[in-house]
Amino acid sequence: MAQTALTDVLAESFVINGGQPLNGRVTAAGNKNGALPILAACLLTSEPVVLHNVPRIRDVETMIALIGDLGADVEWTGENEVRVHAADLGSHELDAELASRIRASFLLAGPLLARLGHASVPPPGGDVIGRRRLDPHIHAFAELGAEIDIGARYELRTSGLQGKHIFLDEASVMATENTVMAASLTTGETVIGNAACEPHIQDLCRFLVSLGADIDGIESNVLRVRGVESLRGGEWRIGPEHIEVGSFIGLAAVTGGDVTIDNVEPKDLAAILPTFERLGVHVECEGATVRIPPNQELVITDDLGGQIPKIEDGPWPAFPADLTSIAVIVATQARGTVLIFEKMFESRLFFVDKLVSMGARIILCDPHRAVVTGPTKLYGQQMSSPDIRAGMAMLLAALCADGTSTIGNIGEIDRGYERIDERLRALGARIERVEA
């Protein structure tokens, strides 16, 4: 995306007239956090790869620009279809300005190291939701035999990676993805302990297997990767975005609407639906479709003995950290009190001051914990989106609030949700995109 286009997006706002139930059908987009590593993994093969169900969002556009800048032929061949052909990579050095836009830019380190033996990667960008360590990535690359020099950039070199038993000191999603990609072309067997196993990691591993990689333990926290000499090309369909599904469940619940979501992977909702049930949200599931019935009375389920319940996130298969912001909004509209415990990122809950100004009853205990009591009537407010997930949570609050809300910096929301305003209008939402 050109710099002028990026500036235009950042200068836009959403204007929302709340209090309108959402009704209708919506199709879940492809998984953002699945598409980004799979696009990066296309650099592991010199043959063409065609990807389907790719979400057309800002973060994906940035990853495509990064890949193209390295010398790969990459283009949109359909509305949600991308073709990547990395026959000749002319560079191992990531563009610093592009890399500063997304956290996932660091996912190119593993493929470049494995394919070219050298990667020069600047510090990544992304959401400011607390400290996000690169230590597990660097430790894994070092264990595989890379020489690493850290200065203004991360310089990684190798004359040949060697399989190793690696234990990640945290179940980092991106570190797991980087290690799996590098290990796919590494001599010998690599065993990754304490591996993250979120749905998008499973999707990446299955994609690599479809290209000829040898990976066992998919869906578990121990991955065994036996390196192969080369990978072939192929086609792959990106899995659905379970975080978006959770967001639409929350949207339907807080507006009292009747919404059906298609293109759902039911097993990806295993930790999500029970948490919504504790907040009083009933969801009907049938095959690849879920429905949120209208006019539900949201009542928080207390713990045994009438104790205040706790909703906490964690590595998969725990409740996803990316949905804690959504849970906060739903809790403001549910009868009862709940403790939201965001364990993974110490700045993610800082947006709740905006909700308090709208009328929410929330006590922010510390950077990780908030006590929410509901239901409370929310009133329209002027806000600014600090990150993708907080921005979506603000959208939920605005859609169920009385009056008009304005949300600025919506480029953050566009990074993770495809054409969200168009899709919400199709459900009856009164939302407009305007110049700030």
* To do: Could you pull out which residues in segment 20-42 have an amide N less than 19 Å from a spot 7 Å beyond the Cα of Leu89, following the Cα-Cβ vector?
  => 35-42
* To do: Report Cys285's accessible area, 1.4 Å probe, all protein chains in place, as a number in Å² to the nearest 10.
  => 80
* Mean residue ellipticity at 222 nm from the helices of the chain, using -39,500 (n - 2.57) per DSSP H segment of n ≥ 4 over the full residue count, to the nearest 500 deg cm²/dmol? -> -8500 deg cm²/dmol
* Structure fact -> Using alpha-carbon positions, the gyration tensor of segment 178-232 gives root eigenvalues a ≥ b ≥ c; with a/c under 1.5 called rounded, otherwise prolate if a/b exceeds b/c, else oblate, the class is oblate
* Only Cα pairs under 8 Å and at least 6 apart count here; give the relative contact order of the chain as a rounded whole percent. => 21
* Asked: Of all accessible surface on segment 328-436 at a 1.4 Å probe, what whole percent is carbon and sulfur?
  -> 50
* **Sparsely packed chymotrypsin sites (Phe, Trp or Tyr not before Pro) within segment 135-183, loop by DSSP, other Cβ within 10 Å at most 12** => none
* Starting from the Cα gyration tensor of segment 53-118, take the square roots of the eigenvalues, sort them a ≥ b ≥ c, and report rounded, prolate or oblate (rounded when a/c is under 1.5, otherwise prolate if a/b is larger than b/c, else oblate). => oblate
* To do: Heavy atoms only, probe 1.4 Å: what % of the accessible area of segment 67-206 goes to carbon and sulfur, would you let me know?
  => 45
* **Amide proton proximity set for Glu235, modelled H, under 5 Å, gap of 5+** => Val50
* Asked: Nearest 10 degrees, 0 to 90: what angle lies between the long axis of helix 388-400 and the longest principal axis of the chain (Cα atoms)?
  -> 20
* Quick one: helix 199-210 against the long Cα principal axis of the chain, what's the angle to the nearest 10°, folded into 0 to 90? -> 30
* Structure fact -> Computed over the chain, protein heavy atoms only, probe 1.4 angstrom, the accessible area per residue in square angstrom equals 37
* Length gain on complete extension for the stretch Glu422 to Phe167, per 0.36 nm per residue less the alpha carbon to alpha carbon distance? -> 87.4 nm
* Structure fact -> Listed by chain and number, the lysines with an alpha carbon less than 21 angstrom from that of Lys267, same-chain partners under 8 positions apart left out, are Lys32
* **Alpha-carbon spread of the chain, three principal axes, descending order, Å** => 62, 51, 43
* Two-site label geometry, Val222 and Cys285: point separation in nm, points 7 Å out along Cα→Cβ -> 2.7
* To do: Any chance you could tell me what percent of the C-alpha pair distances in segment 125-273 go past 19 Å?
  => 61
* **Residue order for Val371, Val191 - accessible surface, 1.4 angstrom probe, largest first** => Val371, Val191
* Taking the DSSP beta bridges in the chain as the whole, what percent of them are antiparallel, to the nearest 5? -> 70
* To do: Please report how far the C-alpha centroid of segment 204-246 lies from that of segment 151-201, rounded to the nearest whole angstrom.
  => 14
* To do: On each of the three principal axes of the Cα atoms of segment 1-120, give max minus min coordinate, whole Å, ordered largest first.
  => 56, 28, 21
* Asked: Which lysines, on any chain, are close to Lys377 with Cα under 23 Å apart, when same-chain ones fewer than 8 places away are left out?
  -> Lys310, Lys354
* **Rel. contact order, % - alpha carbon contacts under 8 angstrom, at least six apart, segment 177-221** => 46
* Asked: Using a basic spin-label model with each label point 7 Å from the Cα along Cα→Cβ, how many nm lie between Val434 and Leu116?
  -> 4.6
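The values are calculated or read from the model by the stated rules, or taken from the named source; none is laboratory data. Computed from a predicted model, the values in this text were never measured in an experiment. For neighbour counting, all protein chains shown are included, and Cβ atoms are generated from backbone atoms with ideal geometry for every residue, glycine included. Note: accessible area is taken over every heavy atom of the protein model, side chains too, but ligands, DNA and RNA are not part of it. Shrake-Rupley method; radii C 1.70, N 1.55, O 1.52, S 1.80 Å.
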